[in-house]
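The values are calculated or read from the model by the stated rules, or taken from the named source; none is laboratory data. Predicted model only: the values in this text are computed from it and were never measured. Cβ coordinates were reconstructed from backbone atoms using ideal geometry, including for glycine residues, and neighbour counts include every protein chain displayed.
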Amino acid sequence: MTDPLVEIKDLRIHFFTDEGVVRAVEGIDLNIKPGKTLCVVGESGSGKSVMALSLLQIIHKPGQIVDGQILYHRGRVAGGQFSQNGAVDIASLNRKGRDIRSIRGAEIAMIFQEPMTSLSPMYTVGNQVMETIRLHEKGISKKEARERAIDILRRVRIPKPERLIDEYPFRLSGGMRQRVMIAMALSCTPSLLIADEPTTALDVTTQAQILDLMLELQQEFNMAIMFITHDLGVVAEIADDVAVMYLGNVVEYSDVDTIFNAPEHPYTQALLRSIPKISATRQPLDMIEGMVPSPFRRPGGCPFHPRCTQALASCSTVVPSLTTLHENHIVRCLLHEETGEEVPRG
Ligand SMILES: Nc1ncnc2c1ncn2[C@@H]1O[C@H](COP(=O)(O)OP(=O)(O)O)[C@@H](O)[C@H]1O
Ligand SMILES: [Mg+2]
């Protein structure tokens, strides 16, 4: 088995709001492998974005990481050398400290659904790409930064980058803005790129182009991708591994073939059933029986039990633990606790 680049261990993130505590992430264990694509799927509100933001320590008040570890094994790349004890626990770093600032953007980069959340309307594309480059590479001259920016814009297949570099973001199409954001994210060759629903707002053709581009750049830069989506069609196309999230937990994790062909968690099975067979599989996940409970009323026991067609009496009181069914296939469900092996902690 590949040694992970990132090991998330029993991560808990709560929001302390005036109305009560939202347990947005309630015990996530997950590995991100170097050079591979991990897709994270689940209905809206399952904690995908909050989990992603925590990897960069950008959870804002009233949110807080209340427990767990995010072990980042610096320098672990696919097939490369790494030092065993080079792990940093991102969860324990000061949000404003030097350590996380040296990781953020440079080693772990993130792109969002709406590029304008990362691009400023006030500056030209070139200024913004150059600033990212210069932020992480002190001492590089303005001229060099501009050349590097043009080069990286060319790598994301932007036509005539030496002209586009002086444009303002609002003058670009959605697809082009998304490319600029990818260029910014890649300008420091991160070892992990987190993409939070980056193609959801794009038309299908542009979406396919951006996905192809990301996979190509992944090969070239040898980076891991954590791709968050609610589109199972996208998952089928790009994932190596898949984590299925429900109400702040990863309920099932495996390689993409197992998730599609032999899913074991009733929630994963329901998600797959929710894709109409006749369509081109590009459907949002909104057809499962029942509603996602209010974040303030997270059900006890297994949080999925009120909607689960296979629930046992004990599912409403017993919190299921992680069970290994096969190598690389983990499920959190009481139906499997007797047959599988409990995942050892540590
Ligand atoms: N700033 C916030 N204040 C209070 N609750 C929040 C905040 N941000 C996220 N949450 C809650 O955290 C939960 C997970 O949200 P999110 O990670 O955005 O879900 P997803 O990305 O899977 O749709 C939701 O119940 C949401 O209401
Ligand atoms: Mg989200």
Considering region 225-241, residues that are more than 19 Å from Ser44 (Cβ to Cβ) and either touching a Lys or Arg at 6+ places or on another chain (Cβ under 6 Å) or in a loop (DSSP other than H, G, I, E, B) (or both), and then whichever is farthest from ligand 1 (Cβ to nearest atom), we arrive at Asp240
Output yes when any residue across region 32-48 is assigned to a strand (DSSP E or B), within 16 Å of ligand 2 (Cβ to nearest atom), within 14 Å of the chain's Cα centre (by Cα) and under 20 Å from Leu93 (Cβ atoms), and no when none is. no
Within region 130-144, residues among the β-branched types (Val, Ile, Thr) and over 25 Å from the mean Cα position of the chain (by Cα) come out as Ile140
Flagged pairs (Cβ under 7 angstrom, 6 or more apart or on separate chains; first in region 52-76, among the acidic types (Asp, Glu) and part of a strand (DSSP E or B); second at pLDDT 95 or above and within 15 Å of ligand 1 (Cβ to nearest atom)) are Asp67/Arg12
Name every residue in region 219-246 that is crowded, with 19+ Cβ neighbours inside 10 Å, of a type outside the set (A, V, I, L, M) and at pLDDT below 95, in order of residue number. Thr229, His230, Asp231
Subset of region 242-260 (residues that are under 23 Å from Pro295 (Cβ atoms), away from ligand 2 (no atom under 16 Å from the Cβ) and either in a helix (DSSP H, G or I) or aliphatic (A, V, I, L, M) (or both)): Val251
When you scan region 199-248, how many residues do you find that are in contact with a strand residue (DSSP E or B) (Cβ under 7 Å, 6 or more places away or on another chain) and either of a type in the set (Phe, Trp, Tyr) or free of Cβ contacts under 8 Å to residues at least 40 places away in the same chain (or both)? 2
Just to be sure before I move on: is Glu167 assigned to a loop (DSSP other than H, G, I, E, B) and more than 20 Å from the chain's Cα centre (by Cα) in the structure I sent? yes
Could you run through region 59-96 and say how many residues are touching a helix residue (DSSP H, G or I) at 6+ places or on another chain (Cβ under 9 Å) and modelled with pLDDT of 90 or more? 15
